[in-house]
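See below for the structure under consideration.
The values are calculated or read from the model by the stated rules, or taken from the named source; none is laboratory data. Keep in mind the model is a prediction, meaning the values are calculated, not measured. Using ideal geometry, Cβ is built from the backbone for each residue, glycine included, and neighbour counts are taken over all protein chains shown. Just so you know, the surface numbers come from the protein's heavy atoms only, side chains and all, with ligands and any DNA or RNA stripped out. Shrake-Rupley method; radii C 1.70, N 1.55, O 1.52, S 1.80 Å.
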Amino acid sequence: MQSLTIRLSAPRGFCAGVDRAIQIVEEALTKWGPPVYVRHEIVHNAHVVEGLKAKGAVFVEELHECPDDRPVIFSAHGVPKSVPAEAASREMIYVDATCPLVSKVHVEAQKHADAGRDILLIGHAGHPEVVGTMGQLPDGTIRLIETPQDAETISVENPDNLAFVTQTTLSVDDTAEVIGVLQRRFPSISAPHKEDICYATTNRQEAVKAMAEGADLVLVIGAENSSNSKRLVDVALRSGAKAARLIASVDFVDWCWLEGVSTLGITAGASAPEILVDDLIDACRERFDVSMEEIRVTDEHVTFKLPRILAI
Ligand code: 0CM
Ligand code: SF4
């Protein structure tokens, strides 16, 4: 058998916000019984969503698809303020599974608005977290910046009273470039006290940087709509991997990709369960003489409490 060295990146996979969001759905199912509605995929992973559907969760995109008399959970990515407001007006039971690190960005945006600052959000248009963060304030209050070019061309009315916040799951390096442009153009712009890009996004990207150099191929387990997972592919390519691909699971591997590969890097986005990593490694072992290396850049010990409504 051809030999294959697998470099397993660590940390990888579930973060504290994803763990909490999934637990919220499970606890809600226990507390209220099925069906429990979930607005948007609780996290961007089909394996997780299918598992919760099997336990009685019903996934919808908008609140109007939920009946008034069943509990609804809002996904980890956050929601515009109008969503809990509508749930309250319909007297629904709702549980907000927004990651506390996303909520922190919402609070920052609100504070800037209270202080009369104009607000720029660095993020990807249409992503639910961006929709949720922009929806914390009236339409048009927060303006979106996606690229360094946007930062170069945006015109602001009051450059001395300006602030920026960011999506939590961006590329650390790309974002630094955008921020660099904003700070050059608007030297007094207020920045987050502590980075808005979350610890899990940062750690997974650092680990991929350490693992990718010299890898013939890096496989990132994650979904097409998972921002943090897609960024890991970008980081792998930029850090020296000869090729990098996003796969939802081992079922999506074309084994031709492995021809001539002697070093394979594997990682998983923050919403991808470890079982999907195990399945990929097992499939490699069936085809290659595998030796394993773990490339760990740090340990994580973050946990978040569940909302009080579930504690009783
Ligand atoms: O934001 P992203 O698309 O990366 O979401 P995800 O569900 O893949 O990962 C966890 C989160 C959040 C917020
Ligand atoms: Fe929270 Fe970061 Fe995980 Fe998103 S990726 S759920 S912001 S810890």
- Query: Looking at the stretch 78-91, is at least one residue within 16 Å of ligand 2 (Cβ to nearest atom) and in contact (Cβ under 8 Å) with a residue 12 or more places away in the chain?
  - Reply: yes
- Kindly check whether there is at least one residue in the stretch 147-154 that is surrounded by fewer than 20 Cβ atoms within 10 Å (Cβ to Cβ), within 16 Å of ligand 2 (Cβ to nearest atom) and in contact (Cβ under 8 Å) with a residue 24 or more places away in the chain. no
- Task: Inspect the stretch 261-272 for any residue being part of a strand (DSSP E or B), within 15 Å of GLN2 (Cα to Cα) and open to solvent by 10 Å² or more (accessible area, probe 1.4 Å) and give the result as yes or no.
- Result: yes
- When residues of the stretch 268-312 are limited to those that are without any contact (Cβ under 8 Å) to a residue 60 or more places away in the chain and assigned by TED's automatic domain parsing to the domain that holds ARG245, the one farthest from ligand 2 (Cβ to nearest atom): GLU286
- Message: With the requirement that a residue be touching a Lys or Arg at 6+ places or on another chain (Cβ under 9 Å), over 22 Å from ARG204 (Cα atoms) and within 16 Å of ligand 1 (Cβ to nearest atom), what does the stretch 13-37 give you?
- Response: VAL25
- Check on ALA125, more than 16 Å from ligand 1 (Cβ to nearest atom), at pLDDT 95 or above, among the small types (Gly, Ala, Ser) and open to solvent by 10 Å² or more (accessible area, probe 1.4 Å): no
- Taking the stretch 181-192 as the search range and keeping residues that are more than 14 Å from ligand 2 (Cβ to nearest atom) and in contact (Cβ under 8 Å) with a residue 24 or more places away in the chain, which one is most open to solvent (accessible area, probe 1.4 Å)? ARG185
- List pairs: first in the stretch 1-14 and closer than 14 Å to VAL297 by Cα, second open to solvent by 40 Å² or more (accessible area, probe 1.4 Å) and assigned to a loop (DSSP other than H, G, I, E, B), Cβ under 6 Å, 6+ apart or cross-chain? PRO11/GLU300
